[in-house]
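The values are calculated or read from the model by the stated rules, or taken from the named source; none is laboratory data. Predicted model only: the values in this text are computed from it and were never measured. Here Cβ is always computed from backbone atoms with ideal geometry, including for glycine, and neighbour counts include all displayed protein chains. Note: accessible area is taken over every heavy atom of the protein model, side chains too, but ligands, DNA and RNA are not part of it. Shrake-Rupley method; radii C 1.70, N 1.55, O 1.52, S 1.80 Å.
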Amino acid sequence: MKMLEQEINRRRTFAIISHPDAGKTTLTEKFLLYGGAIQTAGSVKGKASDRHAVSDWMEMEKKRGISITSSVMQFEYDGYCINILDTPGHQDFSEDTYRTLMAADSAVMVIDAAKGIEPQTRKLFKVCAMRHIPIFTFINKLDHEARDPFDLLDELEKEFGIGTYPMNWPIGCGVSFKGVYDRDGHKILAFGDSHRGRDRLSSIDCDINDTARMDELIGSYAREELTEQVELLDGACFDFDIEQVRTGKLSPVFFGSALNNFGVEFFLEHFLKMTTAPLSRQAGETTVSPFDEGFSAFVFKIQANMNKAHRDRIAFMRIVSGKFEHDKEYFHVQGGKALKLSQPQQMMAQERSIIQEAYAGDIIGVFDPGIFSIGDTVCEKSNKIQFEGIPTFAPECFAMVEQIDSMKRKQFAKGMNQIAQEGAIQIFIEPNGGLERVYVGVVGMLQYDVLESRMKNEYGVTYRQYPQSYQYIRRIANGADPKKLRLFDVKWVQDFHGHDFLLFNSEWHISHTLDNNEGLELVEFGH
């Protein structure tokens with residue numbers, strides 16, 4: 001039991017969230033560099049010959065320089081075993097990010113110092129706040145022109161309704177960026193033109209009241225400004241309270257430049273001390289502790305074709321309690337069957353290695369022959385618990401997709417079926433119709449580009465796409481026969497599980513359908 005506790009206590013599992021282009025993937029790669037997990041940081045944007053970000057593995061991600069799907073990376077650093085969940089920043093992929101946050105114990109929010117809080121940051125924060133998970137803020141790109149740091153803190157506090165505590169403080173910005181001041185350690189971390197922050201730096205002990213030494217380090221003007229700002233901070237900002245941090249009410253704030261590797265090590269070391277070991281989870285009325293000896297986990301993501309050589313499907317599981325052991329038989333609650341988790345592996349984006357064991361807090365991938373769904377629970381046969389499900393976003397845009405080459409009917413059907421099972425893109429068929437055409441529902445329009453790219457690259461299929469005017473979807477809840485319903489300007493479709501849905505152009509059409517079909521019950525998508 002002692003070994004189990006030691007292994008679980010050294011786990012740290014967190015998600016990195018941000019608006020696109022705030023520097024999230026760059027920060028992730030710097031973490032991996034410190035942990036020795038990679039030797040060279042990839043280029044998130046650049047020429048075709050450049051290395052691509054480790055966490056971006058889809059062809060479309062590499063071409064566009066954006067993260068489309070969440071990636072999982074594990075590495076060791078300073079005695080900790082760290083699981084990073086790198087999430088898409090683009091709002092069109094917010095459902096994937098939402099599910100990933102369900103598997104995290106804390107979140108790192110990356111903010112562009114020049115832009116402040118952006119729409120997607122706001123949306124993702126609300127998910128974190130709903131779960132009361134700790135939020136750590138990294139204000140990035142201080143080597144560029146930036147907004148006043150007090151304004152940024154004020155915006156964080158007003159927008160999110162939480163306190164902030166700056167762990168360090170920027171000395172200038174852009175061309176006049178001199179470095180940061182460690183408030184608690186009373187040290188200067190200098191940013192010089194010679195190295196531009198690319199080397200590991202040693203902080204310089206310096207009392208802020210040592211005028212001569214401060215002037216020597218950063219110049220008299222910067223020293224005067226810093227002294228005034230720190231005095232203001234000490235008098236006006238929130239007091240540091242670790243319990244407030246761990247309940248998501250106080251966000252420690254760090255300033256730096258991820259691209260230049262400046263302030264990243266300071267952030268990582270402080271973050272690991274402040275964030276928690278794996279947290280307990282609810283399974284109905286039961287609270288499942290990570291230190292319970294019985295293994296339990298839930299599926300939060302399914303991804304097909306991460307490895308072109310194998311064309312397989314991977315179910316990502318967050319281990320909630322106990323220890324996973326290779327070749328041991330567990331129980332799949334929703335399937336009602338005992339099974340062995342095939343090809344258990346840990347990830348470095350698309351790179352993977354087979355493992356013999358894993359512990360609460362870890363993220364593992366297992367081969368999925370088509371039996372798992374998002375939210376499924378796997379546990380000990382003797383302790384059949386079921387974790388709370390993961391909500392699904394209702395699609396807001398719809399299109400009809402029709403295959404072009406009838407000789408590739410099987411590939412078209414297989415691709416649509418597998419992508420539907422991943423859950424991020426919703427795919428429906430016409431009842432009693434063939435699979436030559438399907439209806440695709442997405443949260444954001446960019447997902448259509450992802451679908452087209454994946455069908456072409458992973459299944460060798462091209463198709464025609466016709467936008468539809470439908471905006472709402474409802475599931476028929478009470479077993480009513482759709483053939484007997486009086487439907488006006490409404491589309492009846494089914495998912496791959498045979499559930500009946502209706503597509504509507506407006507809320508008026510929903511009301512009209514209910515008024516003209518007595519006893520009909522409709523529920524929102526995902527319920």
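Add +1 for every Lys or Arg and -1 for every Asp or Glu among the other residues with Cβ under 14 Å from the Cβ of PRO252, and state the total. Don't jump to the answer; show the numbers that get you there.
Numbers: positive: ARG183, ARG246, LYS249, LYS273; negative: GLU157, ASP182, ASP184, ASP239, ASP241, GLU243, GLU269.
Surrounding charge for PRO252 is -3.
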Sequence-distant residues sharing a close amide H with PHE136 (under 5 Å, placed H): ALA107, VAL108, MET109
Cross-link reach list, aspartates and glutamates versus LYS414, counting only Cα pairs under 16 Å and skipping chain neighbours closer than eight places: ASP312, ASP368, GLU402, ASP405, GLU422, GLU436, GLU452, GLU458, ASP495
Long-range HN-HN contacts of GLN468 with modeled amide H, under 5 Å: PHE398, ALA399, MET400
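Computed FRET efficiency, Cβ-Cβ of ASP489 and GLU155, R0 41 Å: what is it to the nearest 0.05? Show your work: numbers first, answer last.
Values: r = 45 Å, r/R0 = 1.09.
For ASP489 and GLU155, the calculated efficiency is 0.35.
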Fully extended contour minus Cα-Cα distance, from LEU514 to ARG409, at 0.36 nm per residue: 34.1 nm
Most positive-pole-ward Cα, TRP492, GLN244, SER176, against dipole of the chain from beta carbon charges: TRP492
Potential extension, ASP481-PHE367 segment - 0.36 nm per residue separation minus Cα distance: 37.4 nm
Assigned charges on the beta-carbon of Lys, Arg, Asp, Glu; segment 315-375 dipole about Cα centre (debye): 140 debye
Set of lysines with alpha-carbon distance to LYS126 below 23 Å, sequence-local pairs under 8 removed: LYS24, LYS115, LYS158, LYS249, LYS301
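I'd like the FRET efficiency for ASN505 and ALA236, computed as 1/(1 + (r/R0)^6) with the beta carbon distance as r and R0 of 41 Å, rounded to 0.05. Can you show the working numbers first?
Working: r = 53 Å, r/R0 = 1.29.
With R0 = 41 Å, the Cβ-Cβ based efficiency is 0.20.
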Note, ³J(HN,Hα) from phi for segment 461-476, Karplus 6.51, -1.76, 1.60, rounded to Hz, x at Gly and Pro: 10, 10, 8, 9, 10, 10, x, 10, 8, 5, 10, 10, 9, 9, 9, 6
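Would you work out the relative contact order for segment 407-517, in percent, from Cα pairs under 8 angstrom that are 6 or more residues apart? Present the calculation step by step, with values, prior to reporting the outcome.
Details: 130 pairs, mean separation 27.5, N = 111.
After rounding, I find 25 percent.
How high is the relative contact order of the chain, in percent, with contacts defined as C-alpha pairs under 8 Å that are six or more residues apart?
Details: 1138 pairs, mean separation 65.7, N = 527.
Once divided by the residue count of the chain, the mean separation gives 12 percent.
In debye, nearest 20: dipole of the chain around its Cα centre with unit charges on the Cβ of K, R (+) and D, E (-)? List each step's numbers first, then the result.
Working: 59 positive and 76 negative charges, 443 e Å.
The calculated dipole for the chain is roughly 2120 debye.
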Efficiency of FRET from Cβ geometry, ASP148 and THR247, R₀ 35 Å, rounded to 0.05: 0.75
Whole-Å distance, taken between Cα centres, linking segment 385-460 and segment 237-284: 38 Å
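At 1.4 Å probe size, with every protein chain present, just tell me what the per residue accessible area of segment 217-270 comes to in Å².
Details: 2490 Å² over 54 residues.
Using a 1.4 Å probe on heavy atoms only, each residue of segment 217-270 averages 46 Å².
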Under-5 Å amide H pairs with LYS491, H placed in peptide plane, nonlocal only: LEU503
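Which order do the peptides 512-521, 393-402 come out in when sorted by mean C-beta neighbours inside 10 angstrom, highest first? Intermediate results must be reported in sequence, preceding the final value.
Values: 512-521: 13.5, 393-402: 17.9.
Highest to lowest by the protection proxy: 393-402, 512-521.
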Difference of contour (0.36 nm per residue) and Cα-Cα distance, ASP184 to ALA394: 71.0 nm
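How many percent of the accessible area of the chain is carbon or sulfur, using a 1.4 Å probe? Before the final figure, lay out each step's value.
Working: 10490 of 22670 Å².
C and S atoms contribute 46 percent here.
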